[in-house]
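Structure first, commentary second.
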Amino acid sequence: MTRATLPRLAILAIVLTAFALLACRSEHAAPPPTAPVRTVMAEPRDTPMVLWSVGTVRGSNSVAVKSRQDGRIIKIHFLDGDEVHSGDLLFTIDPVSQALAQAQAQAGLSGDRASAEMAVKELARYKTLYAQGAVSKDEFDQRRTAAETALAQVRSSQAAVGISAQTLGYTAIRSPIDGRIGIAKLDEGNLALANQDVLAVINTITPIDLDFSLPERYLEDVRLAFRSGPVQVVAATRGAKSLQVKGSLRAIDNSINPATGMFNMRARFENTDEILWPGQFVSAGVILSTIKGAVLVPAQAVQRGSDGDFVYRVSGGKAEPVLVKVGIPVDDYVVLDSGLKVGDEVVVEGQIRLYPGAPVAPQTPGKPSGTSS
């Protein structure tokens, strides 16, 4: 044996010793650690089938208040945000020019009435003279034409007086509907142009409407439910404190928007507590039917894998992945159309530590591992 062979034998001995040690350890290796997880039972629940979208709240009636006459605003009779009723006085426009026009029309009517009375008397006199043969038929016809013209002028003047009275009435702008008035767009002293300037906007808030849309593929489902009876619509507000209110579907639009492939709908809500507000964006849900005894699990239980959605089911103290078909969401839960049955125990927290066959230790919610109940 040469000197060069000795180091090689020494290295081989070390390697063999290491393999022997590893073999010994593997024979006495500890079992894999148990993963603490939180679990829940898949529960049955009668679940509404809801189609969700985004909608815009609008007043059930909305009016932009404008002046019908040019004039200066001399008085505003409401406070911004007031509740107003049909017929309430809102604005007063300076009525001087309209009052003068009415006086002029009334004066013209008085003059025309006097002329008509004279023409009628003259016609009566000529009628007697014509019967006696003292005047010709042409002269009598002239007086009759003059009387008829004078009476027609009186009717024209009466109409002018009525128009002037109506025009004068336009200087008192009144609410056409019941509702809540917004902030005045023009202050007292400003010139309001006829049929141009919006002075204020009135929205009827109780009841209130919601406009929203859904994809074309749901049209037949919605129409079928609408023909079968009242269709309930849920509006969920957004923000730190989400609230839900219920209304009913009022109308389905008569066409599909070719640009978006969506069809529009309108729902009405009583809104007595004024949760909904015009211009507000909300989540809108159409309740088409109720799924009896649907299997629900928390949405956080569902994981995404290469083969699709799955959940970890606990069986015999071990975790096993189960492929599921996820249906509609319901609040913080989802409906599982297939994969689980009622009563199955599924993992909702701690999935990151799991693998097929991993031992698990389900924990009571709110209690750490090792804490006795």
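The values are calculated or read from the model by the stated rules, or taken from the named source; none is laboratory data. Keep in mind that this is a model prediction, so the values were computed, not measured. All Cβ positions, even for glycine, are placed from backbone atoms using ideal geometry, and neighbour counts span all protein chains on display. Each accessible area value is taken on the protein alone, full model and side chains, heavy atoms only, with ligands, DNA and RNA left out. Shrake-Rupley method; radii C 1.70, N 1.55, O 1.52, S 1.80 Å.
Hey, any hits in the range 132-141 for a residue that's more than 42 Å from the chain's Cα centre (by Cα), in a helix (DSSP H, G or I), of a type in the set (A, V, I, L, M, F, W, C) and surrounded by fewer than 16 Cβ atoms within 10 Å (Cβ to Cβ)? Let's see the steps before the verdict.
Taking the range 132-141 first, the residues more than 42 Å from the chain's Cα centre (by Cα) are 132-141.
Within this subset, residues satisfying the condition of being in a helix (DSSP H, G or I) are 132, 137-141.
Now restrict to residues that are of a type in the set (A, V, I, L, M, F, W, C): 140.
Subsequent filtering for residues that are surrounded by fewer than 16 Cβ atoms within 10 Å (Cβ to Cβ) retains none.
Checking the range 132-141: not a single residue is more than 42 Å from the chain's Cα centre (by Cα), in a helix (DSSP H, G or I), of a type in the set (A, V, I, L, M, F, W, C) and surrounded by fewer than 16 Cβ atoms within 10 Å (Cβ to Cβ).
Against the list (1) touching a strand residue (DSSP E or B) at 6+ places or on another chain (Cβ under 9 Å); (2) without any contact (Cβ under 8 Å) to a residue 24 or more places away in the chain; (3) of a type in the set (D, E, K, R), the condition Glu220 fails is (1).
Among the listed residues Lys66, Lys127, Lys75, which satisfies the condition of being without any contact (Cβ under 8 Å) to a residue 40 or more places away in the chain and over 19 Å from Gly162 (Cα atoms)? Residue meeting the stated conditions: Lys127. Go through Ile256, Ile252 for me and flag whichever is modelled with pLDDT of 95 or more, surrounded by fewer than 18 Cβ atoms within 10 Å (Cβ to Cβ) and within 15 Å of Leu51 (Cβ to Cβ). So the residue among Ile256, Ile252 that is modelled with pLDDT of 95 or more, surrounded by fewer than 18 Cβ atoms within 10 Å (Cβ to Cβ) and within 15 Å of Leu51 (Cβ to Cβ) is Ile252. Among the residues making up the range 188-217, those that are surrounded by 15 or more Cβ atoms within 10 Å (Cβ to Cβ) and outside any strand (DSSP E or B) are Asp197, Thr204, Ile205, Thr206, Pro207. Taken together, the residues in the range 227-249 that are in contact (Cβ under 8 Å) with a residue 24 or more places away in the chain and either in a strand (DSSP E or B) or open to solvent by less than 70 Å² (accessible area, probe 1.4 Å) (or both) amount to 11. Residue count for the range 277-307 under the criterion of being part of a helix (DSSP H, G or I) and of a type in the set (S, T, N, Q): the result is 1. Of the listed requirements (1) open to solvent by 70 Å² or more (accessible area, probe 1.4 Å); (2) modelled with pLDDT under 90; (3) at negative phi, Val295 misses just one: (1). In the range 313-373, counting only strands (runs of 3 or more DSSP E) that sit wholly within it, the ones holding 1 or more residues that are open to solvent by less than 40 Å² (accessible area, probe 1.4 Å) and modelled with pLDDT of 85 or more span 318-323, 333-338, 345-349, 360-363.
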